[in-house]
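**Student:** Pasting a structure below so you can have a look.
Taken together, the values in this text are just the output of simple stated rules run on the coordinates, not laboratory data. These numbers were taken from a predicted model, which means no experiment stands behind them.
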Amino acid sequence: MTLVRKLALKVSNTVVRFASPGCKEWAEGLAREVDFVESDWGALLWALGSARVLFDYREAPVDSLYELSRVAQRFAEVTRRGNIAWGILFSHGFIYSDRLSHATNLSERVGCSLVMFGAISMGMISLIQWRNRTKVPPDDDITALIRFYRSRLEYMRDLYRSPKAWITGVAFLAYSVGLMLAERGGVRVHPGRDVVIGLLWIGVALLFLHTRRINRRRLERLEVLLAERS
């Protein structure tokens, strides 16, 4: 076996290893095809082409109500734990309220005010979500868990219509712009950090779109399973 052929097999095996659970069979099928490519360089090109699988994340398919109940239980467990992001956000708002009292120019005052507004708004929403974690059904009530899981998927699918989502988006925008304006000396003091904030915004937008697509797939599969049951 030539070195090029070995490299092609190595690439194919690596793709199979790191493929997402829902893409494993796809990756394995592409890897098997390498053996049937006669040219070593052709096999290598095929293996490199199979790397596109790594850019498509799919969860393992849920094929039974038992698996659905386990997924719903895990989702409920994560929801019950919640998070204490609201505490960090409120603390940040308090810190910038103190900085506002020592601001030396209009830019700093506007920036500190925006950070306070953004941090407190996001903190309030986070606190409401944290308090609502007690509304999650118990693990032994499978029907209620699946109903809860379904309602949350529907909510996340239609999140862009929710006033809470728009308030969070506006608050995050205010918070981000405020961080740049609140620096003593203006925006040009830390251009690198401002670039990072811009990239963070792009990352959040892409994550939102990706999560919405995944949740839409989950909801479609859940609807199929419930329809088969009825």
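**Student:** With runs of 4+ DSSP H residues as the only contributors, calculate the mean residue ellipticity of the chain at 222 nm using -39,500 (n - 2.57) per run, divided by the residue total and rounded to the nearest 500.
**Tutor:** One gets -25000 deg cm²/dmol as the mean residue ellipticity at 222 nm.
**Student:** Right, something else. Between region 14-49 and region 151-173, what's the alpha-carbon centroid distance in Å?
**Tutor:** 39 Å
**Student:** Something else: What is the Cα convex hull volume of region 10-118 when expressed per residue in Å³? Don't skip to the end; give the middle numbers.
**Tutor:** Working: hull volume 19.5 nm³, N = 109.
Normalising the Cα hull of region 10-118 by residue number yields 179 Å³.
**Student:** Tilt of helix 85-101 relative to the longest C-alpha principal axis of the chain, in degrees (0 to 90, nearest 10)?
**Tutor:** 40 degrees
**Student:** For residue 24, list the lysines whose Cα falls under 23 Å from its own Cα; do not include residues on the same chain fewer than 8 positions away.
**Tutor:** 6, 10
**Student:** To continue, here is another question. Please check: in the Gaussian network model of the chain (C-alpha springs, under 10 Å), which one of 12, 91, 69 has the largest mean-square fluctuation.
**Tutor:** Of the options given, 12 has the highest mean-square fluctuation.
**Student:** With just the Cα atoms of region 3-55, tell me how far they stretch along each of the three principal axes, in Å, largest first.
**Tutor:** That gives 30, 16, 13 Å along the principal axes, largest extent first.
**Student:** Using only the Cα atoms of region 97-211, build the gyration tensor, take square roots of its eigenvalues as a ≥ b ≥ c, and label the shape rounded, prolate or oblate: rounded if a/c is under 1.5, else prolate if a/b is larger than b/c, else oblate. Present the calculation step by step, with values, prior to reporting the outcome.
**Tutor:** Working: a/c = 3.62, a/b = 2.20, b/c = 1.65.
Because a/c hits 1.5 or more and a/b exceeds b/c, region 97-211 counts as prolate.
**Student:** Pull out a ≥ b ≥ c, the square roots of the eigenvalues of the alpha-carbon gyration tensor of the chain, then state rounded if a/c is under 1.5, prolate if not and a/b is larger than b/c, and oblate in the remaining case.
**Tutor:** Values: a/c = 3.46, a/b = 1.42, b/c = 2.43.
Because a/c hits 1.5 or more and a/b fails to exceed b/c, the chain counts as oblate.
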